[in-house]
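Worksheet: one structure, shown below.
The values are calculated or read from the model by the stated rules, or taken from the named source; none is laboratory data. If you're wondering where the values come from, they're calculated on a predicted model, not measured in any experiment. Note: ideal-geometry Cβ built from the backbone for every residue, glycine included; neighbour counts use all protein chains shown.
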Ligand code: CAA
């Protein structure tokens, strides 16, 4: 299937990543089914998209008419059955391998045979998810960065069986969504998180060992390295539970102690201090 043949996309997961993906897809002209497990979660995601698009109108980046049309292209969905009307599913559910496997098994039974399954996983092997379906040739990684509407990169990852047609379709779709697609191998953490997460983990070690206060650590990296935000603020944005799960994937995947998660990261997650989404991580949020 070529990129031009994709008309309707289901995005599974209406959280910060799924919502962002749905937004860029709707703005690019696709019909989007924004799916989550209950109507509240879907509505929260939809409302966040509406607010983002309204801000774009206020800033003169798009018109009221464009925003109204983009929102009208988004269907709110609480059933994976809706995949039967889709040519592509982009899965952006919680970073949990058994949950993602279950979603892929269910989708395989409902989506049309031609539909491509992309996953926004940041760490689960694409080949493992593909093996949950009878269409491993049409399963691919499409790893967006947070916040999706702003960040230009999408990592594209082939599983062992992904065919060239699927790769080409998804690479072209990435460009159509306004992103720069970069192909990387199906290796733990791909490239982005293999480099980013050890840096974040090291920043947490600096805090753990009292080398600096959170503000000091973040200021060093912002002003000293020109990073747009410090590593601890970025960890709060990504979610500390997600950061921990990626460190565990690196640790187990490479069997290398250099990827050992900082005990303070583990403790914050145990305490429910997950970052922006829970109101408190290394910083406190209103
Ligand atoms: N959704 C939509 N737009 C957003 C947004 C969001 N969640 N957050 C910020 N923006 C927009 C703002 O509205 C603003 O737009 P305007 O130009 O219209 O004002 C623009 O982005 C810049 O935002 P701010 O002025 O508030 O702040 P900023 O200049 O510091 O930019 C940032 C914010 C874009 C998040 C920037 O700090 C940044 O690039 N941070 C690093 C982000 C990063 O590293 N992301 C990768 C995370 S790793 C990952 O995602 C992979 C994984 O698997 C874990």
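Here are some notes:
- Selection within segment 26-45: residues that are within 16 Å of the ligand (Cβ to nearest atom) and surrounded by fewer than 21 Cβ atoms within 10 Å (Cβ to Cβ). The member of this set that is farthest from residue 164 (Cα to Cα) is 44.
- Annotation: of all residues in segment 3-25 being outside any helix (DSSP H, G or I) and more than 17 Å from residue 119 (Cβ to Cβ), the one that is farthest from the ligand (Cβ to nearest atom) is 7.
- Residue, farthest from residue 18 (Cα to Cα), within segment 126-179, restricted to residues that are within 16 Å of the ligand (Cβ to nearest atom) and more than 15 Å from the chain's Cα centre (by Cα): 129
- Count of segment 63-97 residues which are modelled with pLDDT under 95 and either assigned to a loop (DSSP other than H, G, I, E, B) or loosely packed, with under 13 Cβ neighbours inside 10 Å (or both): 3
- Number of residues in segment 246-268 that are more than 11 Å from residue 204 (Cβ to Cβ) and crowded, with 21+ Cβ neighbours inside 10 Å: the value is 4.
- Scanning segment 102-125 for residues that are within 12 Å of the ligand (Cβ to nearest atom) and either assigned to a helix (DSSP H, G or I) or over 22 Å from residue 81 (Cβ atoms) (or both) yields 121, 122, 123, 124.
- Failed item in (1) within 28 Å of residue 97 (Cβ to Cβ); (2) part of a helix (DSSP H, G or I); (3) away from the ligand (no atom under 16 Å from the Cβ), with residue 272 passing the rest: (2)
- Put simply, of 136, 130, 85 the only residue that is under 19 Å from residue 156 (Cβ atoms) and touching a strand residue (DSSP E or B) at 6+ places or on another chain (Cβ under 6 Å) is 130.
- Residue match in segment 15-25 (condition: touching a strand residue (DSSP E or B) at 6+ places or on another chain (Cβ under 7 Å), crowded, with 17+ Cβ neighbours inside 10 Å and more than 24 Å from residue 238 (Cβ to Cβ)): no
- Test: residue in segment 223-236 that is surrounded by 17 or more Cβ atoms within 10 Å (Cβ to Cβ) and near the ligand (Cβ under 9 Å from one of its atoms): yes
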